């Protein structure tokens, strides 16, 4: 039986949402190997979230934007870290090369891509079938690694995976209501109309109609959130809902500070985006729109919040007219969800 690795590297270094869905794997591996140091390889823009993850001990920044010189730098960083085993949840040829040339002895990855030849431990998963949540595909791969080292560890997801001190969040909520003159009885509904280029979303007009319908006879205050480059989307939505109580919030203080703000939301509405998965990790109630694609189902990209805090809705065509039955249906479902579970 091989000895437990001293240093374990876990990689999911593409988009923000993908990284958040790797958090159960970090937790599982740290609990299965409590004496091991857990490393991660991330691009610069997800580093702030990696710093918040309680099961990550060391962070290595992947110099993705520097081409071949960046690959050489990343390989040198990996070699210097003395990694004994790597669990790559979603391999790319570039990262596979870096891991191989860094001399990491045990390399675990899904057996689903051509670069699997660069790994000496692979597991066939067929994720494209979307038969289970992405985070479970990740923990299945972690269990595969556990078994190699003779560890029989059963993992159970228990939200929230990300949390901040209660006093800090209460103060943020108090200040947010005061600074924006929000009546105490109003619930905060965050609406993220951008997609970050990662997923199909509702049109601005569809979001405007939904917000308008939700505001009828409901004490709600809407927070239109915008990440970098999404400010115009929020402004366009704001112009269409002038009669609804709302503000625009641009997350210009970084994703970690934005995560704290998401902690005070009564509901977060968006497409299948990275910020949705941050909200899910916080166990903030979410209502998400998913496209009708097998690779993008609500099951496959399920958020990490508890069942009663997770609502999945079908994504209507962008050509759906306003005042449509679809929007009214969404309003009915969201109202029931918001009032019954999060009153």
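Compared with the dominant Cα axis of the chain, that is its longest principal axis, helix 67-80 is turned about 60°.
Set against the labelled values (i) 29.0; (ii) 21.2; (iii) 22.3, Kirkwood radius over Cα pairs in Å computed from this structure falls on (ii). Spread over its residues, the convex hull of the C-alpha atoms of region 7-148 is 100 Å³ per residue. Peptides 167-176, 2-11 ranked from most to least packed by the mean count of surrounding Cβ atoms within 10 Å: 2-11, 167-176.
In terms of the mean number of neighbouring beta-carbon atoms within 10 Å, the peptides 138-147, 226-235 order highest first as 138-147, 226-235.
Each 10 Å bin from zero holds the following percent of Cα-Cα pairs in region 51-96: 22, 54, 24, 0. Ratio of Rg to Rh for region 200-343: 0.92 [Cα atoms; Kirkwood radius as inverse mean 1/r over pairs]. Packing, as the average of other Cβ atoms within 10 Å across residues, places the peptides 264-270, 120-126 in the order 264-270, 120-126, highest first. For the chain, the longest principal axis of the Cα atoms and the long axis of helix 23-32 meet at an angle of about 40 degrees. Rounded to the nearest 10 degrees, the angle from helix 231-240 to the longest Cα principal axis of the chain is 20 degrees.
Contour minus end-to-end for residue 339 and residue 65, with contour as 0.36 nm per residue of separation and end-to-end as the Cα-Cα distance?
Between residue 339 and residue 65, full extension yields an extra 94.1 nm.
With contacts taken as Cα pairs under 8 Å and at least 6 residues apart, region 67-138 reaches a relative contact order of 26 percent.
Taking every C-alpha pair closer than 8 Å and separated by at least 6 residues, the mean separation divided by the residue count of the chain gives a relative contact order of 16 percent. Overall, the ratio between the Cα radius of gyration of region 90-138 and 2.2 N^0.38 Å, rounded to two decimals, is 1.19.
Taken together, the values in this text are just the output of simple stated rules run on the coordinates, not laboratory data. Given the structure is predicted, the values throughout are model-derived calculations rather than measurements. Cβ: placed from backbone, ideal geometry, glycine included. Neighbour counts: every protein chain shown.
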